[in-house]
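The values are calculated or read from the model by the stated rules, or taken from the named source; none is laboratory data. Since this is a predicted model, take the numbers as computed values, not measurements. Heads up, the Cβs are rebuilt from the backbone with ideal geometry, glycines too, and the neighbour counts pull from every protein chain shown. The area values use the complete protein model at the heavy-atom level, side chains included, leaving out ligands, DNA and RNA. Shrake-Rupley method; radii C 1.70, N 1.55, O 1.52, S 1.80 Å.
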Amino acid sequence: MSKVSRIAVILVIILAVAAWAVYPRLDEITGSESQAAPVAARGGGALPVNISVAKPKYIENKIKITGSILPNESIELKSEVSGLVMKIHFQEGQRVKKGDLLISLKDDELRAQLEKLRYSNQLARETEARQQKLLQKEAISQEEYDIALTNLNTTSADIKLVEAQLEKLSIRAPFDGVLGLRQISEGAYITNGTVITNLYNLNPMKVDFAIPGKYAGKVQKGDKINFTTDASNKIFEGEVYAIEPRIDETTRTLKLRALADNKDNQLMPGQFAKIELVMESIDNALMVPAVSVIPELNGHRIYLAKGGKAVINNVEIGIRTDEEVQIISGIEPRDSVITSGLLQIRPGAAIQINSVKN
């Protein structure tokens, strides 16, 4: 074997011995690092969480719907009879009282007829009086007196008929309210289909709206509503006074109507209303944050913090608000409800409380 070959063999043997000596040490280092990793990942075994203390509070069960503002009363003013407009007694937008004269139609013919009937009635009255005296003296028969009495009664009835016809030629306000824009002019010939103007009673105002049929058993007369309109952010109040006695078959909704005060004239017919209906109020509802309630196939669960551990409870829920849920059963007042880390937490896991919200 040459000198070069001997040197190569010696180097190979030295490298082999060195590798044999170093390998167990690498295995030790690798093993210690793999064992240390889970310990670091566990962070001491306690999961940091936030909690909220469950406590009773006053809540209102409300639903949000939309509706329309209507006048308390409204009509299109029309004449019962056809005729020529002689005089208009109102201004557009004027406030009027019940019975105020608004329109006068031409009535000269009827007034002449009424005057003629009054003369005839006066004569019939005198004739009846004379015939009655003669009947008492048996100077005339009962039949002759009856004819005179009938003539008197007939002319009296004719007078009442003409007076009623004259009354129809004077168009008056049927209730207190505000008049709209005038649709006719003096001298116009109108019929019973001609719209003269509109009359509105604007205090109080009506609020019409509908709620889902499933709430039918939870509403009643006297329930309160709060609403705003598209013209103002002011919150108005109203009270339900009428409920439709059936659910609409097409929309499956129940129609309701409320009254709202309008002394300041801030509400107008036709406005759009955003409504909150208070269906019930609860004085001591146990509320928890909505994020803490875990939906399950057969109900709902909540994690509680007890003795540094996470405890899971089945709960029955009630009313929901935007941020909270009412708990009917399953927890007690002052229980610590876990509100964070719900995806990582497991029943019985150690926990560390970071913050507490009362």
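Using all pairs of distinct alpha-carbon atoms, the Kirkwood hydrodynamic radius of the range 38-186 works out to 23.0 angstrom.
Give me the angle, in degrees from 0 to 90, between the Cα long axis of helix 142-168 and the longest principal axis of the Cα atoms of the chain, rounded to the nearest 10. Computed tilt is about 40 degrees.
Kirkwood-type hydrodynamic radius, the chain: 30.6 Å, calculated from all non-identical alpha-carbon pairs. Full extension of the chain between Arg346 and Glu109 yields a length gain of 75.5 nm, computed as 0.36 nm times the residue separation minus the alpha carbon distance.
Restriction of the trypsin sites (Lys or Arg not before Pro) in the range 137-168 to DSSP coil positions whose beta-carbon has at most 16 other beta-carbons within 10 angstrom yields Lys137.
Residue by residue, the range 178-188 carries 3J(HN,Hα) couplings of 10, 7, x, 7, 6, 10, 10, 10, 4, x, 6 Hz when phi is fed to the Karplus relation 6.51 cos²θ - 1.76 cosθ + 1.60 (θ = phi - 60°); x denotes Gly or Pro.
When you filter the GluC sites (Glu not before Pro) in the range 255-358 for DSSP loop state and at most 15 other Cβ atoms inside 10 Å of their Cβ, you are left with Glu323. Full extension of the chain between Ser170 and Val81 yields a length gain of 31.0 nm, computed as 0.36 nm times the residue separation minus the alpha carbon distance.
As I understand it, the value is the acute angle between the Cα axis of helix 108-136 and the longest principal axis of the Cα atoms of the chain; what does it come to in degrees, rounded to 10? In the chain, helix 108-136 runs at an angle near 60 degrees to the longest axis. With R₀ set to 41 Å, the beta-carbon distance separating Tyr189 from Tyr241 gives a calculated FRET efficiency near 0.45.
Protein heavy-atom accessible surface, 1.4 Å probe, per residue over the chain: 64 Å². As a quick test, which of the pairs Lys55/Lys306; Lys62/Lys234; Lys57/Lys255 have an alpha carbon distance above 25 angstrom in this structure? With Cα atoms farther than 25 Å apart: Lys57/Lys255. Taking θ as phi - 60° and the Karplus parameters 6.51, -1.76 and 1.60, the scalar couplings of the range 272-287 work out to 7, 10, 9, 10, 10, 9, 8, 8, 7, 10, 10, 6, 10, 8, 7, 10 Hz in sequence order, x denoting glycine and proline. For the range 61-137 versus the range 170-220, the spacing of their alpha-carbon centroids is 21 Å. Each label point was placed 7 Å from the Cα along the Cα-to-Cβ direction; for Ile353 and Gln91 their separation is 7.2 nm. Close amide H contacts of Leu70 (hydrogens built in the peptide plane, cut-off under 5 Å, sequence separation of 5 or more or a different chain): Lys206, Val207, Asp208, Gly270.
Just want to confirm a number: the relative contact order over the chain, from Cα pairs under 8 angstrom separated by 6+ residues, in percent. Provide the component values of the computation, followed by the final result.
Values: 661 pairs, mean separation 97.1, N = 358.
Once normalised by length, the contact order is 27 percent.
Computed from the alpha carbon atoms alone, the convex hull of the range 167-315 holds 219 Å³ per residue. In the range 195-245, Cα pairs under 8 Å separated by at least six residues give a relative contact order of 28 percent. Using a probe radius of 1.4 angstrom, the carbon and sulfur fraction of the accessible surface of the chain is 52%. Measuring r between the beta carbons of Ala231 and Glu323 and using R0 = 25 Å, the FRET efficiency lands at 0.25. Here the calculated FRET efficiency for Gln132 and Ala157, from their Cβ-Cβ distance with R0 = 22 Å, stands at 0.65, rounded to the nearest 0.05. Evaluated on the range 238-307, the Kirkwood hydrodynamic radius is 17.4 Å, with distances taken between all distinct Cα atoms. Note on the chain: dipole from Cβ charges, positive end direction compared against Leu102, Leu254, Ile302; the farthest Cα belongs to Ile302.
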